[in-house]
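Down below is the structure, laid out as structure tokens.
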Amino acid sequence: MSDQETGLDFSMVIASTVHDMKNSLASLIQAHGQWVKALPEAQRGTAEQGVIDYEFAHLNGKLVQLLGLYKLGINQLPLRPDYHELDDFIEAQLAFHQEVLDSRGIIARLRVDDFGLPGFFDRELIGSVVSNVVINAIRFAREQVLISARQVGEQLVISINDDGPGFPEPMIEHQTDYVLGINPSSGSTGLGLYFAANIAKQHQRQGVKGHIEIANGGELGGGLFSLYLP
């Protein structure tokens with residue numbers, strides 16, 4: 001019996017399940033945070049705690065991404081752009097991941113060029129993109145992560161750079177083919193880049209659409225993700 005015959009929209013079932021999982025995870029993260037605060041100082045900040053913090057953030061990001069992809073697929077992902085101070089936006093992103101950064105011994109810095117204008121974008125959507133990229137950077141970084149914002153022509157560019165091994169060359173060469181299947185060595189599906197690219201494209205002005213680019217190098221020499229917003 002097919003989904004149509006039963007009146008069951010399986011994609012809606014998956015989306016509802018993911019939403020429930022995200023809420024449950026939020027409760028678990030909150031309870032875990034309270035438990036950690038109750039521990040003696042000497043028992044905090046262990047390597048195991050770092051793994052737990054990272055995986056919490058990683059899983060939460062994936063669930064947010066899945067919900068976003070579902071809403072994109074049914075054209076129900078609202079875009080609510082507004083003006084935002086870039087220093088505040090990036091500082092909020094770093095603050096959200098500070099516990100994970102601390103537990104992994106990674107130093108995160110921000111740099112915002114003074115071009116005198118706030119950014120105009122959907123804070124929640126762009127925040128979810130930046131958050132997912134930061135989590136990925138934390139996974140591969142050795143010691144440092146840098147988030148920067150600058151103006152290139154008429155576009156705002158938000159970049160995340162790390163000092164890890166960088167993106168695989170095949171991924172850079174085929175970076176517009178976001179969904180390449182599961183990479184057996186890394187486990188990557190490309191869905192993160194697909195999500196980021198589609199969120200970027202939602203932002204457009206005077207016929208110019210946002211886009212993403214990945215490369216290796218930058219100031220820290222590792223992976224370099226750049227988000228261009230008109």
Summing -39500 (n - 2.57) over every DSSP H run of at least 4 residues in the chain and dividing by its residue count gives a helix-only mean residue ellipticity at 222 nm, to the nearest 500 deg cm²/dmol, of -15500 deg cm²/dmol
Taking 0.36 nm per residue of separation between Leu25 and Asn75 and subtracting their Cα-Cα distance, the length gained on full extension comes to 15.4 nm
With 0.36 nm assigned to each residue of separation and the Cα-Cα distance removed, Glu169 to Ala38 gains 42.6 nm
Looking only at lysines whose Cα falls under 25 Å of Lys62's and that sit 8 or more positions away or on another chain, we get Lys22, Lys71, Lys201, Lys209
Under 18 Å by backbone N from the virtual spin label 7 Å along Cα-to-Cβ at Ile52, the residues of the stretch 89-116 are 97-105
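Only the coordinates and a few stated rules stand behind these numbers; no lab work does. These numbers were taken from a predicted model, which means no experiment stands behind them. Virtual Cβ from ideal backbone geometry, glycine too; neighbours counted across all protein chains shown.
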